[in-house]
Amino acid sequence: MPLVIVALAVVLLVLLMTRLKLNGFVALLLVSALVGLWAVATGNLTYDGKSAGLEAIPSLIEDGLGDQLSSTLIVIGLGAMIGRVLGDAGAAQRIALSLTRAFGERGVQWAMIVTSVIIGGTMFYEVAFIIIVPVAFTLVRTTGKRLMWVALPMSITLSTMHSFLPPHPGPTAVAGLYNASIGTTLLLGLLIALPAGALIAMVWPRLPFVRRMNPSIPSGLVSDKEFTEDEMPSLALSVVIAMIPVVLIAGGAVYDLAAPGGGALASVITFIGEPTVALLISLVIATWALGPRLGHSLTEVASSMGGGAKAMAMIILVVGAGGAFKEVLTAAGVGDYIADLTSGWAVNPLVLAWLIAVILRIALGSATVAVSTAAGIAAPLVAAGGVSPELAVLATACGSIAFSHVNDPGFWLFKEYFNLDVTDAIKARTTYTTVLAVLGLGGVLLLSLVVPA
């Protein structure tokens, strides 16, 4: 029954937004409340580990929205400001033109893939997304290519990096549960992630149902001005400003992997490497380097920041509401139901871990919940031997990327930035994440033939 309710909730949400054209933020809150009502009526709703009634539904929605925004609001807001400052100063156009010269207009997709591998290798999907997307938007404008042709390979590659590779949160958390080597997991993950991600990134924009999508760039997220050669900052300055958050965040992650432990230096590096701090430092530097240093007033830079923030308002609300939907589903016991349902299955541990993560991902939307719950169920089987713990990490993590849809906050980030309606977002993102998960499992099973347990 819980899975039927999840399916009905998803269908209702899609109908509200496609047929009735209801605002995504309102639709998500409404469906979240209805799921909460069902959970109360059936006695399945819990809050703080205790059985709860109607009074808990608003608190759950607020908690879910707050938890989601606590991890994404600052990142999305600062990232949008940096992107707009880069755009209004001509730095995004400089980088886009340089990529076009290096790869050619015909190679613009490979430019996005390579850029996404470099930047997304150690950064969260959301953080890397908002750093790269201004360049993608500028490439669309300067080359005349369709938005999905240029930007979809970026999103696919970032999803791949985020799903397969430590130090991203899913693989890293599961590695601890399975007692797997982070370094070995990273190496094996690269063997699967690079070919699988590149294949899907090049194929998906060419599929007929994707080619029929032709959304416009959302207003306010990129400068509309065409800069002359003299007006743009140098390529070196543009790249340095864009790469500062990458270097800070990646540096913190690499240091933590190479030299884990305490101490004053570790604390400083960890602090600076936090995405919120790294992006704030980057914005301060960008404000000076692309403002007064180039002859622009601070008022002009502040106007750019404000424009970027205003354009993000509805996106932030929708992403937050996606977190509320996920929270109510979790409190309704959907995750526990799936854990009980699958705990006794006699299946290859690699396939079992992947399958449980997929089911949880479909039901709850949260990749973090899916991967941690699936790992908890499969951990005894992995510990008993028979499979490589590193491959078990990859199987679990890649399962958690499958079927991204309306209960996944990342889905709404993708939808809003690419200016898609819900139906087209499902066609594009849900399909590519599912195929990516299937290819990932196939790669894991192939490696299991040669990688010892």
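For Asp230, the conditions (1) without any contact (Cβ under 8 Å) to a residue 60 or more places away in the chain; (2) touching a helix residue (DSSP H, G or I) at 6+ places or on another chain (Cβ under 9 Å) all hold with the exception of (2).
Of all residues in the range 284-317, those satisfying the criterion of being in contact with a helix residue (DSSP H, G or I) (Cβ under 8 Å, 6 or more places away or on another chain), under 28 Å from Leu420 (Cβ atoms) and in a helix (DSSP H, G or I) are Ser304, Met305, Gly307, Gly308, Ala309, Ala311, Met314, Ile315, Ile316, Leu317.
The number of residues in the range 10-50 being within 21 Å of Leu341 (Cα to Cα) and modelled with pLDDT of 85 or more comes to 8. Evaluating Ala253 against the criteria (1) at pLDDT 80 or above; (2) in contact with a Gly (Cβ under 9 Å, 6 or more places away or on another chain) leaves one unmet condition, (1). Applying the criterion of being among the hydrophobic types (A, V, I, L, M, F, W, C), surrounded by fewer than 18 Cβ atoms within 10 Å (Cβ to Cβ) and touching a residue at least 60 places away in the same chain (Cβ under 8 Å) to the residues of the range 279-310, the residue that is nearest to Ala80 (Cα to Cα) is Ala309. Taking the criterion of being closer than 18 Å to Leu447 by Cβ and modelled with pLDDT under 75, the only residue of the range 382-392 that qualifies is Gly385.
The values are calculated or read from the model by the stated rules, or taken from the named source; none is laboratory data. Keep in mind that this is a model prediction, so the values were computed, not measured. No Cβ is skipped: glycine too gets one built from the backbone with ideal geometry, and neighbour counts run over all protein chains shown.
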